Structures are given as C-alpha cells and as structure tokens.
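Taken together, the values in this text are just the output of simple stated rules run on the coordinates, not laboratory data. Remember, predicted model here, so these are calculated numbers, not experimental data. Cβ coordinates were reconstructed from backbone atoms using ideal geometry, including for glycine residues, and neighbour counts include every protein chain displayed.
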Amino acid sequence: MASLLHLPFIFLITFLLISPAISHNCSSQSFSNNTHFDNCTHLPSLKSSFHWTYNSTKSTLSFAFIAPLTSSDGWISWGINPITPAMIGTQCLIAFKVPNGSIVIKTYDLTSYNSITHTDKLFYTVLDSKAEYSNGVMRIFATLVLPANMSTVNHVWQVGPAVKDDMPVVHKFDPHNLKSKDTLNLATSSGGDGKNTTAPVSAGGDGQSGNKTGGSSRIWNNDATFYVFAMFLGVLFLLLKE
C-alpha cells in the first residue's frame, strides 16, 4: 500500500491534470468599463466568446463579442440573421481600425460570401455601440432592440485580415470560419437577474457556457471533468498497488 510519502505526488499529478481542464473561461473575463453581463459562452470557432444580457420587457440585447484579430489591420464582426443560422442574409456590426488609430463600428448587410453592403437600415435598432482593442484582441459592445417576443437569435460572427476603403476584405474559408454560427436561446436567459448560465443551441460545434462576467469562477465542461476524474483514479490505483 502506498505510504504517506506518495500523497504529495498524487496531489501534484491531480493538479497537473486539472489545470488544462480549468482553462480560460469566459466567466473569468472582465472589461475596462466595469460592464457585467448575465451570461457568457465560448463560441464554437475563431477563439471567440459572447457575453450578453437580454431584457425581455424591453426586448433589448446588450452584448460584448470578443475575438482575436488575424492581423493588426484586421476586423471582427458579429451579426444576426433574421431567417436562418447562416452567413448569407446576416446583418452585422463590423469593428476595425481607421488610419488615425481609432476603432469604428459600422453596419453591413452580408449579401454573398464575396460581397457586403454598408447599410444603416437593419431589422434591429442599434441603441449604442463601441469597440475596444488591446493585446491583439478586439471587442464589440452594443445594445440592440430586437423584435418583440423573440425567443432565439441566429447569430453569426467572423474575423478578417484587413479593411480597404471602409470595406472589410473577405475572410478565409477555413473550417473555423465556415462554422461560425449558432442559435442563441434568449428565452432561458431573459430577466436580467444574473443567475442564468445558458449555453447556445449549437449550429456548428459545441460551446461551453459560463456564468456572470467579471467573476473569478471556473467552469468545467463535462468531458474534461470525467477525464480528470478517471485519470486521478488511475494514478491512485497504481500507487496503492505498490
């Protein structure tokens, strides 16, 4: 049977196994403007995350979309497709740097995979919006007024390499770019009480859900938890056999 001397080794192995599983979670992210959201989720692609609060009474969706840029002159985008969870037909907000170094957000209508149209006429109203950039990561903050009684939102996100004459250069068509779409369930996250931990209904991958933004908690997904527990039992069994 293992002696007490084995216990520190067991704890060390357990810590090393747990560390990757407790990796970066959207619930640990905080914002410089001290904004808090009721829900957050890791999106299925592009190393991005989405934080949101839905007010069912006012039909407003306040959110922060966060994604790393593919280049220093790149852009990020988040939008809603009112018909289906697909890129074509999405009306989006795109953030990018302008020559003076500031960051702007403009609204576009995605009419095809190779072209977009700048437009101020969207099916939703943008009450306010702004963008931030630091350490290679860009953030879009906005509050939208959605049609009343919406229970789900088909949202689409993207990143691109550059902007020319206020028009984003077409993004890559890698698998991660093509599956950047989901259906967000608003009905289970409305009310603004900060107690909901809602995952999206996946339309192209598995997302991880978190809790209130700005906290220090870590959320394990089920697969990681099972893996760590199984490995711990395996190490413990081998040591106890000695």
Which of ILE116, ILE66, ILE83 comes first, and how do the rest follow, when ranked by fewest Cβ neighbours within 10 Å? ILE83, ILE116, ILE66
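Could you compute the FRET efficiency for THR35 and ASP165, with r as their C-beta to C-beta distance and R0 at 41 Å, rounded to 0.05?
Numbers: r = 32 Å, r/R0 = 0.78.
Computed FRET efficiency for THR35 and ASP165 comes out at 0.80.
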Based on the mean of other beta carbon atoms within 10 Å per residue, what is the order of 132-139, 37-44, most packed first? 37-44, 132-139
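Full-extension gain between ASN114 and LYS130, please, as 0.36 nm times their residue separation minus the C-alpha to C-alpha distance.
Details: separation 16, 0.36 × 16 = 5.76 nm, distance 2.58 nm.
Extending this stretch completely gives an extra 3.2 nm.
So how do THR117, THR53 line up by other beta-carbon neighbours within 10 Å, fewest first?
Working: THR117 11, THR53 24.
Fewest to most other Cβ atoms nearby, the residues stand as THR117, THR53.
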Extended-chain gain in nm, criterion 0.36 nm per residue less alpha-carbon gap, PHE123 and ALA187: 21.1 nm
Can you give me the long-range amide H partners of PHE37? Hydrogens built in the peptide plane at 1.01 Å from N, cutoff under 5 Å, separation of 5 or more residues or another chain. THR213
